[in-house]
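Reading through the structure tokens given below for one structure.
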Amino acid sequence: MANKHFDRTPGHPKAILRLGTFDVPCSVISCDATTAHVRVMTAGGSFGALALVREGEARPAKVVLRKQGPLGLDLWLDLEAVQDKRAA
């Protein structure tokens, strides 16, 4: 009875944080063209060079803010612009 509030899983879209060759699953809390707020549920390593992979598109990202909460590690990311190879 004590766990009745934890029955439902969050309906946030899923994505992957790519740390070199290591992929970490995460939930996308919010995302726009230049920023993203994601929640990581698993323990991981350092966040040096990373990319946010969402809907098959990998975007280089930089961690701006980290906050550990009861539901996981929340990360606020600055997403780098992806240059279109066709325009070059």
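The values are calculated or read from the model by the stated rules, or taken from the named source; none is laboratory data. As the structure is a computational prediction, the values presented were derived from the model and not from experiment. Using ideal geometry, Cβ is built from the backbone for each residue, glycine included, and neighbour counts are taken over all protein chains shown. Note: areas computed on protein heavy atoms with side chains; ligands, DNA, RNA excluded. Shrake-Rupley method; radii C 1.70, N 1.55, O 1.52, S 1.80 Å.
Things to note:
- Listed by first and then second residue, the pairs with beta-carbon distance under 7 Å, at least 6 apart or on different chains, first residue in the stretch 51-64 and assigned to a strand (DSSP E or B), second open to solvent by 90 Å² or more (accessible area, probe 1.4 Å) and among the aliphatic types (A, V, I, L, M), form an empty list.
- Test: Leu19 is open to solvent by less than 50 Å² (accessible area, probe 1.4 Å) and either more than 12 Å from the chain's Cα centre (by Cα) or modelled with pLDDT under 85 (or both): yes
- Among the residues making up the stretch 69-78, a single one is more than 14 Å from Cys26 (Cβ to Cβ) and open to solvent by 90 Å² or more (accessible area, probe 1.4 Å): Pro70.
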